Amino acid sequence: SDHMENIYGYLMKYTNLVTGWQYRFFVLNNDAGLLEYFVNEQSRHLKPRGTLQLAGAVISPSDEDSHTFTVNAASGEQYKLRATDAKERQHWVSRLQICTQHHTEAIGKNNPPLKSRSFSLASQGSANSPGVQRRPSQNAVSFFNVGHHRLPAGKRVPIMQPDHLADVREMMSQAEGQQRDLIRSIECLPASGHLTSLDQDLLMLKATSMATMNCLNDCFHILQLQHASQQKGSLPAGTTISWLEPKSSLANHFKNGAAQNFPAEINKPASVREEQSIAEPCQLTREPEEINPDEELEDICDNKEDDLGAVEEQRSVILHLLSQLKLGMDLTRVVLPTFILEKRSLLEMYADFMSHPDLFITITNGGTAEERMIRFVEYYLTSFHEGRKGAIAKKPYNPIIGETFHCSWRMPKSDVATDAATNSSAHSPSEQVTLPKDLEGQAEPDYYTVKFVAEQVSHHPPVSGFYAECVERKMCVNAHVWTKSKFLGMSIGVTMVGEGVLHLLEHGEEYTFSLPCAYARSILTVPWVELGGKVNINCAKTGYSASINFHTKPFYGGKLHRVTGEVKQNMTNTVVCRVQGEWNSLLEFTYSNGETKYVDLTKLSVTRKRVRPLEKQGPFESRRLWQHVTESLRDGDIDKATEHKRALEERQRNEERLRAETETPWCTKYFLKDGDGWVYHKPLWKTASAAQTQQTDSN
C-alpha cells in the first residue's frame, strides 16, 4: 500500500504508422484502477483523451529497447508507451503492475463464487427477448450467473485414467458450447441502454472466459499427448496413433449460428465442421494421383479484384494492423485480415503464369539455340500480367501444407506456330526422345495439352513446388518458390526465393531462371502491385543467358512497371537481343539484325485453364479446400469468410504441433526433396529417359 500513490507525467504514446509517436500526459489513478491520458498537463482538468481499466491488464516491458512498454487491457485495447529512459520505464511499469494486481484481486474478493447454475442466457433466445432485459439494479457480473462446482470437503480428486479422457472431452465440449453462447449473448446486446455489449464487466468476462477455455484446451492437449505416448510405447512399430475423439480446437466464436447448447460442434456452420474434421493429412492417402485431363472442364470462374469497397470500409483495421508492425518485420507468421485476400490460392496464382501456353509451346520450335533463348525470354516476360487479377493489389490465400492444385490447357495445333527446322529428324539419334509407352498407339489429338500441378511442400518456411509439361512437345518446367514477406512502411515486399528449370528434351537443353520480387504499394489508399529486382536466365549447354531488370518506380518521376533486359552469347559476350517496355502492357524486342518486334500484352489472348469440378476434387485441392472462404468473399460476407479461414488455419497449426511433438515427418505427395530444392516425382525427363532405355533394350 506504500506504493499505491497516484503518479503522473509525460510519456510517448504510439498511435499508428501515420501519426507515429506523440507526447501525452498520463495519470495513474490508483483508487479507480485507471490509466488516463490527456493531450498535455494543462488539459488535465478536462475529459481524458483515453482511459484503460487496469483490472486484469498485463503490463509488459518491450524487448525492442529499454524505454518501451505496453499496457494490454482485458478488453483487448493496448497502449504502446515509451519513457525517457530505462529508470523511468521501470518506475511506471512497477507502479502499474502493483495497481493492476490490487484491482484484479479486488474483483475476486468483491465477487465471490456463485452457486452452481448454467448460463442464464443460454436458452433464452435473442437479446431482444424479455428474459434478456436487464433491471437497473443488476450488475454485469450477477446478470451472467456463471458458477462452478465445489468438491465435498475431504474428498480427493481421483487420478485421471486414460479411459476417462473421452468423458473429459464431452464435458469440455459442453463448456465450449456454453461459453460460445455467452459470447454471442454479449455481442447481441444493444449498443445503448442500461446494459450494452461494451460494458466493462462484460468485456472482462468475455476476455477471461475465452482465456480460460484456451488454457483448458491446452491442458487437455497435453493429456492426450501423454496418453498417446504411453500407447506408443506398448504398441507394435508402425501403428498409427490417433486421437480418442476429434482433436480439441480452440473455441471459435461465431456470430452466425443456432443458439442450441449441446454439443458445441452443432453451433458451427456445417462447412466449418467439415474443414475442421478432415483427418491428419498423413493419415489420408499421400499416393500421387494421376489426373485425367478429360475430366477437366474449361474454367468459367472470373475473380477480378477491382472492388475497393472492403478496403475502404476496413481502413481502421489496416491502420491498427500497421501500428503493430515494425520495419523489416517478417510477415510469414502475421495473420492478415480476410478482406484483403484474393479469391484464390497462391498455388492457383502460379498456374496463371501459364496463361499463354501457345507461347510456352513454341519455345522448342526455335531453329537455333539463340532463337530458343529469345523465345523463352518473350514467354517469360508475358507470364506476369495475368498473374494479377485486376488493378487492386490483394493477397492470395496462403496455401496450407499438403494443399495441391491441378489444371491443364488445350491448344489447337493449328493455333501454334510451327517451324520446319524443328523437325526431329534434324537432330542426332542421341537427341531423339521416346515418349512413354502408355502414350504410344493412341490416336493423336488435334490439340496440345499442357498439364500443371502445384503442391505446398512446407509451411515454415512456406515453400511451393509446381510443375508443368507438354508431352507432345517434349518439354517441361519444374520450380520451387519460398515466399518471404517483409513490412516496408507504406508497402509490403515479397521475395520469391527459389529456382525454376525449363527442360527442352528435344534439344537436350535446360534453362534455369529465377523470379522477381513483388511489392504491394500504397496500402493505405489504393493498393497496387509492382515487380522489382534482377533475374537471370541461363542455358549451360548453349552458353546463352539473359539478364532482366524489373524497375521499381522512383520516388520522383519515372514510369511504372518498367522492364529492361538483354540476351547474349556468353562465349563472345555478344548481345543478340534487347528488350524494354512495361511488363503489363507493351514490350519492345530489338534483335541483332536490326529488326524490332512489339508485343502488346493487353491484346494477347488468354487461354482459359481447365479444372476438374469441385465434386471431383480431393479435400486438399485448392478450390475445394478454400471454397467456403471464396464463396463468402464473393458474397461480401467478411465475417463468415474469416470463420472458415480461421478453421483451416487452426487445423493446420494443430496438425503441425502434433507432428512436432510426435516427431512425425511430413509426407509430400507430388514433390521430392532434392538438395535445397524440390523436384516433381515423375518428371518428363525421367519418364522419357526410362522409355528410351526400355526401347533400346528391346531392340
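The values are calculated or read from the model by the stated rules, or taken from the named source; none is laboratory data. Just so you know, these numbers come straight off a predicted model, no measurement behind them. Heads up, the Cβs are rebuilt from the backbone with ideal geometry, glycines too, and the neighbour counts pull from every protein chain shown. Heavy atoms of the whole protein, side chains included, go into the accessibility calculation; ligands, DNA and RNA do not. Shrake-Rupley method; radii C 1.70, N 1.55, O 1.52, S 1.80 Å.
When the accessible area of the stretch 7-108 is split by element with a 1.4 Å probe, what percent falls to carbon and sulfur?
Result for the stretch 7-108: 48 percent of the exposed heavy-atom area is carbon or sulfur.
Just to confirm my numbers, what's the Cα centroid distance between the stretch 636-654 and the stretch 458-500 in Å?
24 Å
How much length is gained on full extension from residue 200 to residue 540, taking 0.36 nm per residue of separation minus their Cα-Cα distance? Please list the in-between numbers first.
On the way: separation 340, 0.36 × 340 = 122.40 nm, distance 6.88 nm.
This chain segment gains 115.5 nm when fully extended.
Beyond 29 Å between alpha-carbons counts as too far, so tell me which of 474/669; 13/343; 559/673; 603/673; 413/559 fall in that bin.
13/343; 559/673; 603/673; 413/559
Quick check: net charge around residue 498, other residues with Cβ under 12 Å of its Cβ, Lys/Arg +1 and Asp/Glu -1? Display every interim value, and only then the final one.
Numbers: positive: 484; negative: 499, 676.
Spelling it out: positives minus negatives among the neighbours equals -1.
Could you tally the net charge around residue 477, taking each other residue with its Cβ under 13 Å from the Cβ of residue 477, Lys/Arg +1 and Asp/Glu -1?
-1
What does the charge dipole of the stretch 552-611 about its Cα centre add up to, to the nearest 20 debye, if the Cβ of each Lys and Arg holds +1 and the Cβ of each Asp and Glu holds -1? Write down the numbers at each step before the final one.
On the way: 10 positive and 5 negative charges, 76 e Å.
Its charge dipole is roughly 360 debye.
Based on Cβ point charges of +1 for Lys and Arg and -1 for Asp and Glu, what charge dipole magnitude is obtained for the stretch 496-644 about its Cα centre, in debye rounded to the nearest 20?
Dipole about the Cα centre, nearest 20: 200 debye.
Apply 1/(1 + (r/R0)^6) to the Cβ-Cβ distance of residue 175 and residue 571, taking R0 = 56 Å, and write down the FRET efficiency to the nearest 0.05.
0.15
Length gain on complete extension for the stretch residue 413 to residue 590, per 0.36 nm per residue less the alpha carbon to alpha carbon distance?
Between residue 413 and residue 590, full extension yields 60.9 nm more.
Roughly how many percent of the accessible protein surface of the stretch 574-699 is carbon and sulfur, given a 1.4 Å probe and a whole-percent answer? Let's see the in-between values first.
Values: 3090 of 6660 Å².
Solvent-exposed carbon and sulfur of the stretch 574-699 make up 46 percent of the total.
Note down the nm distance, to one decimal, between modelled labels 7 Å out along Cα→Cβ at residue 597 and at residue 187.
Between residue 597 and residue 187, the label points sit 5.6 nm apart.
What does the charge count around residue 26 come to, taking other residues whose C-beta lies under 9 Å from its C-beta (Lys +1, Arg +1, Asp -1, Glu -1)? Please list the in-between numbers first.
On the way: positive: 13, 24; negative: 36.
With Lys, Arg at +1 and Asp, Glu at -1, the neighbours total +1.
Under a crude label model (7 Å from the Cα following the beta-carbon direction), how far is residue 368 from residue 223 in nanometres?
7.7 nm
Determine the relative contact order of the stretch 7-108: mean sequence separation of Cα pairs under 8 Å and six or more apart, normalised by residue count, in whole percent.
Relative CO of the stretch 7-108 lands at 22 percent.
How high is the FRET efficiency between residue 102 and residue 649 when r is their beta carbon distance and R₀ equals 51 Å, given to the nearest 0.05? Intermediate values should be presented prior to the final figure.
Details: r = 38 Å, r/R0 = 0.75.
So the FRET efficiency works out to roughly 0.85.
Could you tell me what fraction of 2.2 N^0.38 Å the Cα radius of gyration of the stretch 15-94 comes to, as a two-decimal ratio?
1.08
Go ahead and run the numbers for FRET between residue 10 and residue 444, Cβ-Cβ distance against an R0 of 60 Å, rounding to 0.05.
0.15
Report the label-to-label distance for residue 606 and residue 29 in nanometres (one decimal), using points 7 Å from each Cα along the Cα→Cβ vector.
Once both label points are built, they end up 5.8 nm from each other.
Among 177-190, 54-67, how do they line up from the highest to the lowest mean number of other beta-carbon atoms within 10 Å?
On the way: 177-190: 19.8, 54-67: 16.4.
By packing density, highest mean first, the sequence is 177-190, 54-67.
Around residue 62, which amide H atoms from residues at least 5 apart in sequence, or from another chain, sit under 5 Å from its own amide H, with H modelled in the peptide plane?
68, 69, 70
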